[in-house]
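These notes concern the structure reproduced below.
Values quoted throughout were computed directly from the atomic coordinates according to the rules given, and no laboratory measurement underlies them. Quick caveat: nothing in here was measured; it's all calculated off a predicted structure. Every residue, glycine among them, receives a Cβ derived from its backbone with ideal geometry; neighbour counts consider all protein chains shown.
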Amino acid sequence: MTNRDRLKQIILEKSYEKKKVILSSGLESDFYFDGKQSTLHPEGSFLTGHLFFEAIKDVADVERDGGLTLGANHIATATSLSSFLEKRPIPAFIIRKEPKGHGTGAWLEGGKNLQSGARVVIVEDVVTSGGSSLKAIRRAEEEGLVVLGVVTLVDREEGGRENIEKAGYWLKAIYTKSEILS
């Protein structure tokens, strides 16, 4: 079994549920991908990091990976760890939903590993409409980073890719909803 096949199996076991939910986009759905259930699993985390690193390692001059807390935390860290093991270290960063209320008041964690103008990739667990990705992109750019594109564990195929591309960025999906459910 390939790493990709095994991670798909973990996603189906841990992250996919057939039930009615309201998504962060405000839309109602009859199924849910809770990516954190897979990315917090030991093998799932390892495989996620490996597959995300594979997705970004050939992106010209990518220097960092990160995204909005909470969904991106585990992915950014796992990808950074995999990059180190592959001898091409890519430090991670996390974007807060609001600035830290004490100390530095920072929007970004991992700032000592970031320089203004750093070329970064935004990572996500699930993309539906692309709203969270676009919010992360805006915040990263406001902090002086150059966003190249977005990598997600699952693209629900509900307009997110189109919205991200319309904004001028690319989206790479480790899996689409169709691939997971096939």
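Please work out the ratio of the alpha-carbon Rg of the chain to 2.2 N^0.38 Å and round it to two decimals. Present the calculation step by step, with values, prior to reporting the outcome.
Values: Rg = 15.5 Å, N = 182, 2.2 N^0.38 = 15.9 Å.
The value comes to 0.98.
Quick check on segment 64-182: of the DSSP beta bridges with both residues there, what percent are antiparallel, nearest 5%? Each step should come with its number before you reach the end.
Working: 2 of 23 bridges.
Of the beta bridges lying entirely in segment 64-182, close to 10 percent run antiparallel.
Relative contact order for the chain using alpha-carbon pairs under 8 Å, separation at least 6, rounded to a whole percent? Let's see the in-between values first.
Numbers: 348 pairs, mean separation 31.4, N = 182.
Relative CO of the chain lands at 17 percent.
Can you give the Rg to Rh ratio of segment 2-101, both from alpha-carbon atoms, with Rh computed by the Kirkwood formula? Working shown, then result.
Details: Rg = 14.9 Å, Rh = 14.6 Å.
My calculation puts Rg/Rh at 1.02.
Counting each pair of different Cα atoms once, what's the Kirkwood radius of segment 62-156 in Å, rounded to one decimal? Kindly include the intermediate steps, with their values, before the conclusion.
Values: mean 1/r = 0.0761 Å⁻¹.
That comes to 13.1 Å for segment 62-156.
Pick from ALA78, ALA92, ALA106: which residue has the top mean-square fluctuation in a GNM of the chain where Cα pairs under 10 Å get a spring?
Looking only at ALA78, ALA92, ALA106, the largest GNM fluctuation is found for ALA106.
Once you have the Cα-Cα distance between ASP58 and LYS19, take 0.36 nm times their residue separation minus that, and quote the gain in nm to one decimal. Intermediate results must be reported in sequence, preceding the final value.
On the way: separation 39, 0.36 × 39 = 14.04 nm, distance 3.76 nm.
Stretched fully, the ASP58-LYS19 segment lengthens by 10.3 nm.
Would you mind checking LYS87/LYS166; LYS20/LYS87; LYS135/LYS177; LYS18/LYS100; LYS20/LYS172 for any pair whose Cα atoms are more than 32 angstrom apart? Before the final figure, lay out the partial values.
Working: LYS87/LYS166 34 Å; LYS20/LYS87 43 Å; LYS135/LYS177 22 Å; LYS18/LYS100 36 Å; LYS20/LYS172 27 Å.
Flagged as over cut-off: LYS87/LYS166; LYS20/LYS87; LYS18/LYS100.
What is the gain in length, in nm to one decimal, between SER29 and LYS100 on full extension, counting 0.36 nm per residue of separation less the C-alpha to C-alpha distance?
Values: separation 71, 0.36 × 71 = 25.56 nm, distance 3.27 nm.
Separation in residues times 0.36 nm, less the Cα-Cα distance, equals 22.3 nm.
What trypsin sites (Lys or Arg not before Pro) in segment 55-150 are in a loop by DSSP, with at most 15 other Cβ atoms within 10 Å of the Cβ? Don't skip to the answer; put the middle values down first.
Details: sites: LYS57, ARG64, LYS87, ARG96, LYS97, LYS100, LYS112, ARG119, LYS135, ARG138, ARG139; in loops: LYS57, LYS87, ARG96, LYS97, LYS100.
Of the trypsin sites (Lys or Arg not before Pro), the ones in loops of segment 55-150 whose Cβ has at most 15 other Cβ atoms within 10 Å are LYS57, LYS87, ARG96, LYS97, LYS100.
For a Förster distance of 30 Å, can you work out the FRET efficiency between the beta-carbons of THR69 and ARG4, rounded to the nearest 0.05? Walk me through the intermediate numbers first.
Values: r = 26 Å, r/R0 = 0.88.
So the FRET efficiency works out to roughly 0.70.
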